[in-house]
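Worksheet: the structure to be examined is printed underneath.
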Amino acid sequence: MKIYTRTGDTGTTSLIGGKRVPKFHERIEAYGTVDELVSNIGLLHDQITENDLKEKLLFIQNKLMTCATILATDCEGGSIKLPVISESDIVKLELEIDDMEKQLVPLSSFLLPGGHPIVSQAHICRTICRRAERHALALNQNFKVDSLVLKYLNRLSDYLFVFARFIAKLYKVTETSWYPNY
């Protein structure tokens with residue numbers, strides 16, 4: 001398979017299903033932002049030394065590739081077999097959030113991201129995830145988006161927030177609370 005095809009030289013690209021759209025199409029924004037998130041989670045993965053956490057991030061990257069595939073597909077009822085996001089994928093995130101939160105001090109204010117490069121990278125992943133969710137929701141206004149993809153992205157942003165806090169605790173990083181100065 002060649003990396004370059006020259007078919008995008010005029011500013012269009014193909015979706016799964018064959019339809020060509022402009023590279024700035026809302027569907028491209030949605031799955032492109034998920035792709036950006038996959039890459040940033042890869043950077044987070046590469047900085048972490050704990051194997052169990054690395055495996056969890058790899059699992060999430062895999063599920064995000066599934067989300068991107070679904071978002072890149074412009075055909076309904078066709079013969080294309082796609083991977084799926086299931087309710088159990090969302091429950092898995094929720095259970096892991098619950099497990100991490102049991103080990104954390106409850107929040108009494110907003111937090112300022114930072115304190116350690118790994119913590120900051122987890123927060124960057126969280127904010128990209130929220131942007132990916134916004135793009136997917138915008139896409140859903142004009143094209144039906146699998147509700148489980150929307151739900152997964154929403155829950156994943158929560159997961160990444162708690163993950164950042166969990167990493168801060170693991171690495172003995174003091175979290176910085178934000179207090180507005182009125």
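The values are calculated or read from the model by the stated rules, or taken from the named source; none is laboratory data. Here the structure is a predicted model, which means the values were calculated and not measured. For neighbour counting, all protein chains shown are included, and Cβ atoms are generated from backbone atoms with ideal geometry for every residue, glycine included.
Brief remarks follow.
- For Y4, the conditions (1) over 27 Å from L93 (Cβ atoms); (2) in contact with a helix residue (DSSP H, G or I) (Cβ under 7 Å, 6 or more places away or on another chain) are fulfilled apart from (2).
- Test for L64: is it surrounded by 18 or more Cβ atoms within 10 Å (Cβ to Cβ), over 19 Å from L170 (Cβ atoms), under 19 Å from the mean Cα position of the chain (by Cα) and not small (G, A, S): yes
- Of all residues in segment 93-122 being touching a Phe, Trp or Tyr at 6+ places or on another chain (Cβ under 6 Å) and closer than 22 Å to L153 by Cβ, the one that is modelled with the lowest pLDDT: F110
- Criterion: in contact with a Ser or Thr (Cβ under 9 Å, 6 or more places away or on another chain) and either without any contact (Cβ under 8 Å) to a residue 12 or more places away in the chain or of a type in the set (D, E, K, R) (or both) - qualifying residue of E133, E101, E87, E94: E133
- Near pairs, Cβ below 6 angstrom, 6+ apart or cross-chain, from segment 112-124 (polar (S, T, N, Q)) to any residue that is modelled with pLDDT under 95: S120/P113; S120/G114
- Residue check for I85: modelled with pLDDT of 95 or more, of a type in the set (V, I, T) and not in a helix (DSSP H, G or I): yes
- Filter pass, L170 being in contact (Cβ under 8 Å) with a residue 12 or more places away in the chain and hydrophobic (A, V, I, L, M, F, W, C): yes
- Qualifying positions in segment 130-182 - small (G, A, S) and in a helix (DSSP H, G or I): A132, A136, A138, S147, S157, A164, A168
- Pairs linking a residue in segment 55-73 that is over 12 Å from L153 (Cβ atoms) to a residue that is assigned to a helix (DSSP H, G or I), with Cβ atoms under 6 Å and 6 or more positions apart or on different chains, are L57/I41; L57/H45; Q61/V38; Q61/I41; A72/Y31.
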